[in-house]
Every structure is written in structure tokens, then in C-alpha cells.
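Asker: Dropping a structure here in C-alpha cells format, bear with me for questions.
Nothing in this text is a laboratory measurement; each read-out follows from the coordinates by a stated rule. Keep in mind that this is a model prediction, so the values were computed, not measured. Methodologically, a virtual Cβ is constructed for each residue, glycine included, from the backbone with ideal geometry; neighbour enumeration extends over all protein chains shown.
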Amino acid sequence: MLEGFVNWPAEFAATYRELGYWRGETLGAMLRARAERTPERCAVVDGDRAWTYRELEQRSARWAAGLRQLGIAHGQRVLVQLPNTAEFLSLCFGLFRIGAIPVLALPAHRVTEIVHLTDLSEAVAYVVADIHFGFDYRTLARTVRERCPSVRHVLVAGDAQEFTSLADLDAHAPDAQETEPDPGDVALLLLSGGTTGAPKLIPRTHDDYLCNIRLSAEAAGFHADTRYLVSLPIEHNFALGCPGALGCLYAGGTVVLCRDPSPDTAFALIERERVTATALIPPLVLLWLEAVEWATENLGSLELLQAGGARLKAETAARVRGTLGCTLQQVYGMAEGLLNFTGRDEPDSIVFDTQGRPVAAHDEVRIVDAHDQAVADGELGELQVRGPYTIRGYYRAEAHNRQAFTSDGFYRSGDMVRRLPGGHLVVEGRSKDVINRGGDKVPVEEIENYLLSHPKIRDVALVGIPDDAMGERTCACVIARDAAPTLAELNTHLRSIGVAAFKLLDRSVVLEDFPKTALGKVNKRELAARIAAQPRG
Ligand code: OOB
């Protein structure tokens, strides 16, 4: 058992097995079974490359052997930061086979996040692309190697320079005496979008993540003819397993990889590869709806568009069928587990105005007030959940877990929701300090701490300002020491610390003082309302 992993209590585990949520299968075995059933079908398309199920399976077997040759063993962590490429899949399945654990970072992450995740997980290897969107990840890798003593190997997709080439893994003959991990073992560590403070890691087991994938694939109606376009970063739970790339493989379909979700790139792939389904965050839904007006590509193959990560406006939702010609499915999910989907056949009033309902009959959702007491149906409260694919604790975060989970094992999501009589949920806001910038989660405390280290800042409060396209944008409210810092200066400061670009500030204002609550804390709600009412300038 991985140290720092909080397992489900034995009686819950037994129930989930008995009810068929956990089926005792590993992710590696899942792929093997598909490859045996339909070896010649196309599993993955990446640019001009297409791999059949047999090829993906065999490649991941060779890579597993190559990883083992490097000394990477069962239970060890490997930090993976790759763009949407076929290598991501052969690498992850290679790791799954030997029971090593991918830690999934986003391509947008920079030195601060990567060093933190590497140290937290004590990753023995770091896997990057050479250059992606103009950024040279080998430079980042040099810093990580210098600062993180646990990292023994850097593997690079493309021009490896002084590092090991990922392609070298392919030279190995599959291991005859491969030992399967246990289905109850941690299969992967996902990044949390929703916690306060430093980013947390979310341990997902083979049993629980396959349950996540299977229930999502059923809810999305995936089948062997599904052609799923990975538009969002594949490391994100939504694009990976809800149902995402893994759900598409689970269903025996074809995964089409897209380097970036711009309409230019994505529409061409939809036409060329006859894509049937994809998933987007709300700002991208808006962008696609606009771009379709002048697009020349034929998007007629697209049947399903999933939208999630942040609240989709009902007006936007209502435009999807008429403009893109496909069914909309709202997905309200979290890397910690719980997934809610609107049904493909549900009436417009549900699909436009709700964020769906839980995919498992045994997702125990309760909506509570500030004293953890259940509110009446229809009332607003915080969503708490426990269930067959919702974690019982973050990885190596004992102190934080005491606050983030109730004593009876429910995860405190921090989301403020209402439950309608039919069980559908409407997400109304958040009780914790995270700004949801169109699906990208900005941890407020973390950014405030970086800003406080700027010499011109005496005090700072980061608030989310409502925004039509993004849902919210960030604004730093600053009390200056003397000369007021400009927005550009603050962002230069954040960049020099090395944070992901989506955490940079959209706006800053300089104030004399902050409004306070009765308890003397900064009244962020009041602050945000004041700033939203001010014209920019
Ligand atoms: C997804 O996962 P995370 O872990 O990046 O973020 C989870 C948080 C939720 O707690 C909620 O605050 C927000 O993102 N959220 C939504 C939403 N979907 C997620 N808020 C309103 N409406 C929605 N539809 O974001 C994620 C994971 C799996 C599938 C889809 C999204």
C-alpha cells in the first residue's frame, strides 16, 4: 500500500465490490482486453500517426520494460507533463503495467508548481516534451533536476539533448515476468483544482478510476464507433477519464489527439477524422460557437459536446444544438471524484439549466449548511460527497485532510449547490477561496502569498470578478507601501516566480483600505462587488 494514501474503510470497499462498482481490473488489463477483442481497430490518431489497439498495447508493453530497465518500480511516482500526444498514452499504460504511478501535471505549469509536485510526490522521473507552444521544457527540467534530489531520470519526447529520449523506451522487448499491480493500488495521481493553499495530489486506484471511466462512458453513450477528440489537456480528469481518452478506449473507440483547442486546429481535425464527441470548458464553448459562423469545415460528424469545469450559462447552452448541430451534455465534476452528467435524452430545461446528476446510484451526496446540517431540497448549501469513486483523502496531506473531509468520510467540495426534486444539481457558487477562471482553477491563497513578496505591496486580496466569457477573472486588490505597482509589474513578478500562465492577474486596483467583515476579516464579497461596479481604467 502506498504510504500517504487514504484507503476506503474495508466495509465500504466490500460493498463497492459486491455492487459491481469495483471489478478487480487494472487499467493495463482493460487495454489488453480491448486489444485482444479488436486488435486491428484504430485506437489513437495523432497527426499523421495512427496506432491500432494491438500497436498501443504492444508499445506500452515495450515501454513498461524500458521503464523497468531504468529502475522505475512498482509504487514509484513519475511526473508526466506532456502535450496531447500518443506518447502520453503509451507512457501511462506502460506505467500502469508496472504499477508505477504517473503524477499528471498540466503543460501550463511552470517551475513553482512542478518543483512542488515533484517534491511532494518524490518523483523518480520527470517526463516532458522538448518544445511545446514556444516553451522549452528542457530548461524547466534542468531546474527540476537541480532542485529536486528525488529525480533520477528526465525523459524527453523529441530532441532530448543531454536527457534520455522517450523513444529509447521503445527499444525494449516486453518483459516476460511482468507482475500486475493490484486493482486496489493507486494507479495515478491527479492534480486538484479545487483546494486552498498549495496544490494537492489526488490518488485514484485502478478499481475506482475504472469505475469513474465506465460510468462516464455509459452516461456519454460512448461505443466502438465513438471518435473522441481530446481538446482539453489530456492530464485533466475531464479529458482523461470523464469519459475522455480512457473512456473512449474503454468503449473500443478511437482517440483523436488535438494539440490545442483553437477552432482552427480542432475544426480541421473534426472534419478529417470524423470526430463524434469532445469536451470543452465554457469559454471554449463560446469561442467555438462564434468561430462556427465563418468556419468552412464540415462538422456534421459531431454528435456530442460535453461542457464542464465551470458553470455554463443557460443562454450559451441553448445555442449549442442550433449552431454546432450536436447534443450538449453538461458535466459537473471534480478530480476528487463525484461526477454529474445531464442525460443525452433529457429535456432542454434540464440540459440548459442544471449541471446534471450523479452518475452512480451509490454516490452519497448531501447538501449542508455551515454547521454540516442538511438543508431542505431546493435550498442552497455546500455539497459533500462520498462514494465508489470519490477519494477519502488527498495524498500525503494529513492535516489538510482533517478539514477537507468530514469524520464520516465525506469530501467537503466547497461548491454551493441546490438540488432539484429530480436529483439534478445546480452549481451556484463556491464557499472556498478558489477563483474558477473559465475552468482553470486559481488558488487564491497561493497567489496572494506570491504577491505579498513584491516590494511595493503592503497587503493584497485576490478576488474573482464576474465576466461574461470566463465566468470570473482575477483582480488583485492592493494596498501599496508607497509607489503603486502596475499590473504589468505584478505579472512580471509572478512570472519570475514561475507560475502557470492562467494564474497571472487579469486586473489590479490600488486601494487605501479593505472592507472588513464583522469579524475583522477582509470582506471579499464586498470588495469584488465594488470592483465589478467600477469601470476599468
Ligand atoms: C473539473 O475538475 P477540477 O478538479 O478541475 O475542478 C473541480 C471544481 C468543482 O468543485 C467545481 O467548483 C468546478 O470545478 N466545476 C463546475 C463544473 N464542473 C466543475 N462548476 C460549475 N459547473 C460545472 N459544470 O473541473 C472537472 C472534472 C471532471 C469533469 C468535468 C470537470
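Asker: Beyond 25 Å, what share of the Cα-Cα pairs of segment 36-160 is found? Please give it as a whole percent.
Answerer: So the pairs more than 25 Å apart make up 24 percent of the total in segment 36-160.
Asker: As a test of the definition: which semi-axes, in Å, follow for the chain when you take the square root of five times each eigenvalue of its alpha carbon gyration tensor? Largest first, please. Walk me through the numbers before you get to the answer.
Answerer: Numbers: eigenvalues 238, 154, 124 Å².
Equivalent ellipsoid semi-axes, largest first: 34, 28, 25 Å.
Asker: Would you please give the residues with an amide H less than 5 Å from that of ILE101, counting only those at least 5 places away or on a separate chain, with H modeled from the backbone geometry?
Answerer: Amide H to amide H, under 5 Å and 5 or more residues apart or across chains, ILE101 pairs with GLY75, GLN76, ARG77, VAL78.
Asker: 7 Å from Cα along Cα→Cβ at both ARG481 and ALA73: what's the point-to-point distance in nm?
Answerer: 5.0 nm
Asker: A further question follows. Could you work out [θ]222 nm for the chain from helices alone, using -39500 (n - 2.57) per DSSP H run of at least four and dividing by all its residues? Round to the nearest 500 deg cm²/dmol.
Answerer: Theoretical 222 nm ellipticity from helices: -9500 deg cm²/dmol.
Asker: Sticking with this structure for a sec: Starting from the coordinates of the alpha-carbon atoms of segment 479-537, obtain the Kirkwood hydrodynamic radius over all distinct pairs and give the value in Å to one decimal.
Answerer: Working: mean 1/r = 0.0752 Å⁻¹.
After inverting the mean inverse Cα-Cα distance, the result is 13.3 Å.
Asker: Moving to a separate point now. For segment 285-413, what is one quarter of the convex hull surface built on the Cα atoms, given in nm²?
Answerer: Numbers: hull surface 40.3 nm².
One quarter of the hull surface, i.e. the mean projection, equals 10.1 nm².
Asker: On to the next question. Just how large is the dipole of the chain about the Cα centre, in debye to the nearest 20, putting +1 at every Lys and Arg Cβ and -1 at every Asp and Glu Cβ?
Answerer: 600 debye
Asker: What pairs from LYS456/LYS503; LYS313/LYS521; LYS441/LYS524; LYS313/LYS516; LYS200/LYS313 go past 26 Å between their alpha carbons? Each step should come with its number before you reach the end.
Answerer: Details: LYS456/LYS503 20 Å; LYS313/LYS521 31 Å; LYS441/LYS524 17 Å; LYS313/LYS516 31 Å; LYS200/LYS313 29 Å.
Violating the 26 Å limit, Cα to Cα: LYS313/LYS521; LYS313/LYS516; LYS200/LYS313.
Asker: Related question: For ASP415, list long-range residues whose amide hydrogen, built 1.01 Å from N in the peptide plane, is under 5 Å from its own amide hydrogen.
Answerer: Placed amide hydrogens put LEU383, SER431 under 5 Å from ASP415.
Asker: Moving to a separate point now. By per-residue mean of other Cβ atoms within 10 Å, what is the highest-first order of 481-487, 513-519, 142-148? Mind showing how you got there, number by number?
Answerer: Details: 481-487: 13.4, 513-519: 10.6, 142-148: 16.0.
Highest-to-lowest ranking by the protection proxy: 142-148, 481-487, 513-519.
Asker: Which three extents, in angstrom, do the Cα atoms of segment 432-533 have along their principal axes, listed largest first?
Answerer: Principal extents (largest minus smallest coordinate, Cα): 33, 30, 22 Å.
Asker: Sequence gap at least 6, Cα distance under 8 Å: using those rules, report the relative contact order of segment 432-533 to the nearest whole percent.
Answerer: 25 percent
Asker: Along the charge dipole of the chain, Cβ charges K/R +1 and D/E -1, which of SER301, GLY409, LEU169 sits furthest on the positive end?
Answerer: GLY409
Asker: Would you mind checking which residues have amide H under 5 Å from LEU462's amide H? H placed 1.01 Å from N; only 5 or more apart, or other chain.
Answerer: Residues meeting the criterion, in which the H sits 1.01 Å from N, are CYS477.
Asker: Kindly identify segment 372-472 as rounded, prolate or oblate by the Cα gyration tensor criterion: order the square roots of the eigenvalues as a ≥ b ≥ c, call it rounded if a/c is under 1.5, otherwise compare a/b with b/c, prolate if a/b is larger, else oblate.
Answerer: oblate
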